[in-house]
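See below for the structure under consideration.
The values are calculated or read from the model by the stated rules, or taken from the named source; none is laboratory data. Quantities reported herein were computed from a predicted structural model and do not represent experimental measurements. Here Cβ is always computed from backbone atoms with ideal geometry, including for glycine, and neighbour counts include all displayed protein chains. Ligands, DNA and RNA are excluded from the accessible area calculation, which covers all protein heavy atoms including side chains. Shrake-Rupley method; radii C 1.70, N 1.55, O 1.52, S 1.80 Å.
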Amino acid sequence: MALSGRAGPPSRRLTRRFLFIFTLSLSGTCLCYSLLRCAGGPLPGPERRCLPARSAGAKKLLQKSRSCGREPGEPGGAAASPWGRGRSGEPAWSGPRGAGREAPPAGNGSGPAKLGSKRLPQALIVGVKKGGTRAVLEFIRVHPEVRAVGTEPHFFDRHYERGLEWYRSLMPRTLSSQITMEKTPSYFVTKEAPRRIFNMSRDTKLIVVVRNPVTRAISDYTQTLSKKPDIPTFEGLSFQNRSLGLVDTSWNAIRIGMYVVHLQSWLQYFPLSQIHFVSGEKLITDPAGEMGKVQDFLGIKRVITDKHFYFNKTKGFPCLKKTESSTLPRCLGKSKGRTHVQIDPEVIEQLRDFYRPYNIKFYETVGQDFRWE
């Protein structure tokens with residue numbers, strides 16, 4: 001017979017001890033959980049481990065662990081950033097769609113961050129040499145929706161084997177709302193250029209600045225003469241036989257002005273609606289009017305107007321007035337506006353006769369009379 005007050009069987013005692021330990025452990029866990037929640041700290045787990053910094057000796061360990069502070073974007077934490085992290089560790093844009101969404105800021109630490117990305121050009125000034133391409137480029141660069149390469153890349157005529165990624169690397173950074181442009185006048189007379197540009201993008205917009213072919217040839221010769229004073233005379237280069245009126249079409253200065261011949265290559269790949277012709281003469285007498293048409297063609301607002309230009313009597317062509325980004329007027333370089341060499345009027349008349357049928361055919365093809373006769 002069991003005596004009163006004695007403990008029960010051993011199995012019951014073990015069960016009671018287990019329940020007591022379990023209850024105590026559970027209470028401790030709940031207490032820790034409550035303290036963490038009240039403090040607003042991260043919950044423990046495999047994804048959110050953190051170690052408090054207790055000493056300098058723990059520095060290396062802490063570098064491999066998350067800090068115990070709040071994550072960016074959490075209440076009370078650092079401001080959330082719209083950029084996450086890509087595979088390479090560089091920020092990856094994940095914010096709202098809008099300007100500059102193609103790429104994250106890429107500041108160098110010493111200046112403002114760079115926005116946008118390098119894209120292949122949507123518009124090209126493809127010609128013609130000594131027609132006024134540099135003026136068009138400099139004028140259109142005033143527009144805030146246009147970014148253009150300052151130098152001539154010569155990708156589609158000289159460096160095509162380097163590939164499109166090399167070409168893209170030459171481009172300026174642009175936002176999604178901006179147009180990337182470049183100009184290389186020799187494209188217009190390069191037979192392979194239309195096909196190569198079409199293969200890049202069949203939607204590319206093309207700008208061709210044309211000028212009276214006789215005046216253009218003289219300007220071309222004047223530029224060459226400034227670099228090579230020992231070249232033959234203009235008359236000697238222009239004709240195979242002047243007495244018979246046989247013009248030497250193998251001379252590049254003459255051949256470039258046969259616009260309709262070169263245009264045929266472009267029309268095999270691009271419709272006329274994607275090619276805009278700028279009058280080199282009107283670019284001098286009415287720069288705002290010509291640039292207004294260029295802006296319309298590019299599908300951008302007419303920002304460049306009469307207020308941007310003044311006529312420089314010394315150079316003989318318009319220059320840009322000072323703008324918001326420049327405190328001084330801007331004119332083209334010393335190589336522009338050279339005084340042309342004097343040419344025998346009879347030579348000029350012979351060349352006019354030579355170009356006349358080409359000009360008329362060109363007018364008919366593009367539906368525009370440039371009045372060069």
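Results, tabulated for the structure shown:
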quantity: Test set (1) open to solvent by 20 Å² or more (accessible area, probe 1.4 Å); (2) in contact with a strand residue (DSSP E or B) (Cβ under 8 Å, 6 or more places away or on another chain) - Ile140 fails condition number; calculated: (1)
quantity: Segment 215-234 - residue that is assigned to a helix (DSSP H, G or I) and not polar (S, T, N, Q) and, of those, most open to solvent (accessible area, probe 1.4 Å); calculated: Lys227
quantity: Where a residue in segment 258-281 is more than 23 Å from Val214 (Cα to Cα) and its partner, wherever it lies, is of a type in the set (Phe, Trp, Tyr) and open to solvent by 10 Å² or more (accessible area, probe 1.4 Å), with Cβ under 7 Å and at least six apart; calculated: Tyr269/Phe198; Phe270/Phe198
quantity: Subset tally (residues that are among the polar types (S, T, N, Q) and open to solvent by less than 40 Å² (accessible area, probe 1.4 Å)) for segment 272-291; calculated: 2
quantity: When residues of segment 196-214 are limited to those that are assigned to a helix (DSSP H, G or I) and open to solvent by 50 Å² or more (accessible area, probe 1.4 Å), the one nearest to Thr285 (Cα to Cα); calculated: Phe198
quantity: Residue among Pro287, Pro213 that is closer than 17 Å to Thr133 by Cβ and touching a strand residue (DSSP E or B) at 6+ places or on another chain (Cβ under 6 Å); calculated: Pro287
quantity: Flag if Tyr167 is under 19 Å from Thr204 (Cβ atoms), surrounded by fewer than 19 Cβ atoms within 10 Å (Cβ to Cβ), without any contact (Cβ under 8 Å) to a residue 60 or more places away in the chain and not basic (Lys, Arg); calculated: no
quantity: Subset of segment 292-304 that is more than 18 Å from the chain's Cα centre (by Cα) and loosely packed, with under 13 Cβ neighbours inside 10 Å - its residue that is farthest from Glu182 (Cα to Cα); calculated: Lys301
quantity: Flag if Phe188 is crowded, with 19+ Cβ neighbours inside 10 Å, without any contact (Cβ under 8 Å) to a residue 60 or more places away in the chain and either in contact with a strand residue (DSSP E or B) (Cβ under 7 Å, 6 or more places away or on another chain) or of a type outside the set (D, E, K, R) (or both); calculated: no
